[in-house]
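A short reminder: the numbers here are calculations on the coordinates, not readings from a lab. Fair warning: this is a prediction, and the values are worked out from it, not measured in the lab. Cβ coordinates were reconstructed from backbone atoms using ideal geometry, including for glycine residues, and neighbour counts include every protein chain displayed.
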Amino acid sequence: MKVVFVCKRYYTGKDVIQHRFGRLYEFPTQLARLGHQVTVLCLDYRNDDCHEGFTVEFAPGSVRWVIASVRSILGFRVGAIYRTIKAVQPEVVVGSSDIPCLWLARRLARLLGVAYAVDLYDNYESFGQARIPGLRRILKASIRHAGAVIVVSSALKKKVIDDYSPLGAVFVMNNGIARSSFSIGDCAAARVSLGLPASAKLIGTAGNLSRMKGLDTVYAAWSGIEGLVEDIYLVLAGRVDPKLPMPSGERVIYLGELLEAEVGQLFRALDVGIIPAHDSIFGRYCFPQKLFEMVACGLPVVAAKVGAIDQVLRTKPEMLFASGDIESLKAAVLFQLQNCQLADIKPKEWGELIAAVEPVIVDLAK
C-alpha cells in the first residue's frame, strides 16, 4: 500500500530526520517495515529549503522523505506539493503533529480523492498556533471528517469524541519506546559515561524544561529536597525555557540536550526519575512518554497525578504527587529514595504499537 504521512520536521526539540526520533519517525518507519511504501511530507518551519529528500529502505517497504518549507503552504497554495504527492499515487493520507499538518493532509486527500486519517500525539488545542484565528475551526473540521482518528491516550479519545464528534472511529495508540535506547543496564557505567557523581543520590528528568511541562514545580521543590537529603543532586537534561531559569547551586547538574541513547543512560544513572505535569489543557491529555522510558530503564519514578499519568499509575498511588504541589512532590521523592518501588508497567515497542493500528490504515484504502 502507498501511504503519505504529513508531519512537521522539528518537535520536542529534536529533528525527526536527523535524530530518527519518536512517534513522527517511528510511525512511517514501522509501516514501511510492514511492507508499505510511505512518503513522508515533512514540513520545515525553520528553513526555506524544499527538496525531494531521500529514500530509506526497510525491506519489504521504504520511506521517502520529502521536505517542504512551511512557506510553501502559506496562503493555502499547495500546487507544487500536490503535484509531488500526486505522482506517488497514494491510497491513503495520514496527518500528524499539528494543525497545519492535519489541514494539509485533509486538503491533499480531498484533491486526490482518497481517504485520510489523523494522528494526535497531544491535544493540539494546547499548542500556541491554536490561538491564531481560524485554526481551531480547521482543527475541528480536520478531525471530524477524518476516516479514522488515532490518539495518544484514553483521556484524549474521550475529549475528541465529546468535543469534535468525529465521523470516523477513534483508536488509542500510546507512545512506544526504542528498546535499543531504553532498557535496564549498569547504573555505575551510566554515571561514568555522563560524568555524574558515582555514589551520590541523583534525582532528575529530561525533556522540554518548561513551565508548560511542570518544571516550575520541580524547581520550587528542589530547595526543600536538597535541605532534607545529604549528598543529593538534581540532574536535568533538555531544552531550557528561557522564561524559566533552572535552579543554581553546586548540586544542580545540567547535561544539555542529549541524544535518545544518552537519555537512556541518564535514566539508568538516576535514583528517582520525576515526571511533572500541570492540570492544564496540555497536561490532562498528553501521554507520559518519559514515564515509559524511565520504567523501561528500571528507574523508580514519581509523577504528577493528572490525565494519562494518573491512569497508568493508578495501582501505585504512592508514586503520584498532586499536580503543582511542592510539598506533595517532596514527599513522593523522599518515599522513593527510601523504598525504590518500581511501576508495574510493561512499555511496548513502536513496532508492536504500529502493527496494531496498521489494519486501521489499510481499511481506509479499501
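When DSSP beta bridges are restricted to pairs lying wholly in the chain, around 15% turn out antiparallel. Of all DSSP-defined beta bridges confined to the stretch 187-339, some 0% are antiparallel rather than parallel.
Across the stretch 187-339, Cα-Cα pairs more than 27 Å apart make up 12 percent of the total.
Could you give the dipole magnitude of the stretch 99-167 about its Cα centre, charging the beta-carbon of Lys and Arg +1 and that of Asp and Glu -1, in debye to the nearest 20? Don't skip to the answer; put the middle values down first.
Numbers: 11 positive and 5 negative charges, 47 e Å.
With only Lys, Arg, Asp and Glu charged at Cβ, the dipole is about 220 debye.
Pulled fully out, how much extra length does the chain show between LYS316 and LEU111, if you take 0.36 nm times their separation in residues and subtract their Cα-Cα distance?
Difference between extended and current length: 68.9 nm.
Note on the stretch 162-205 and the stretch 214-277: Cα centroid distance 15 Å, given to the nearest whole angstrom. Using the Cβ-Cβ distance between ALA356 and GLU57 with R0 set to 35 Å, the FRET efficiency works out to roughly 0.90. Result for the chain in a Gaussian network model with C-alpha springs under 10 Å: among LEU320, LEU24, LEU167, the largest mean-square fluctuation is at LEU167. Normalised by the number of residues in the stretch 213-326, the average gap of Cα pairs under 8 Å and 6 or more apart makes the relative contact order 25 percent. Using the Cβ of ALA155 as centre and a radius below 10 Å, the other residues enclosed give a net charge of +3, where K and R count +1 and D and E count -1.
Average 1/r across all pairs of distinct alpha carbons in the stretch 145-252, invert it, and you get the Kirkwood radius: 17.4 Å.
Annotation: amide H of ILE253 within the under-5 Å range of LEU234, VAL235, LEU236, sequence separation 5 or more or interchain, hydrogens built in the peptide plane.
Over the chain, what is the mean sequence separation of C-alpha contacts under 8 Å (at least six apart), divided by residue count, expressed as relative contact order in percent? Intermediate results must be reported in sequence, preceding the final value.
Numbers: 732 pairs, mean separation 56.0, N = 366.
Relative CO of the chain lands at 15 percent.
For the stretch 280-338, the Stokes-Einstein estimate of translational diffusion at 37 °C and a viscosity of 0.692 mPa s comes to 281 µm²/s, using the Kirkwood hydrodynamic radius over alpha-carbon pairs.
May I ask you to evaluate 6.51 cos²θ - 1.76 cosθ + 1.60, the Karplus curve with θ = phi - 60°, for each residue of the stretch 56-71 and list the ³J(HN,Hα) values in order in whole Hz, giving x for glycine and proline? Per-residue couplings from phi come out as 10, 8, 10, 3, x, x, 7, 10, 9, 9, 10, 9, 10, 5, 5, 4 Hz.
About the Cα centre, and with charges only on the beta carbon of Lys, Arg (+1) and Asp, Glu (-1), how big is the dipole of the stretch 127-225? Nearest 20 debye, please.
Working: 13 positive and 4 negative charges, 73 e Å.
Once rounded to the nearest 20, the dipole reads 360 debye.
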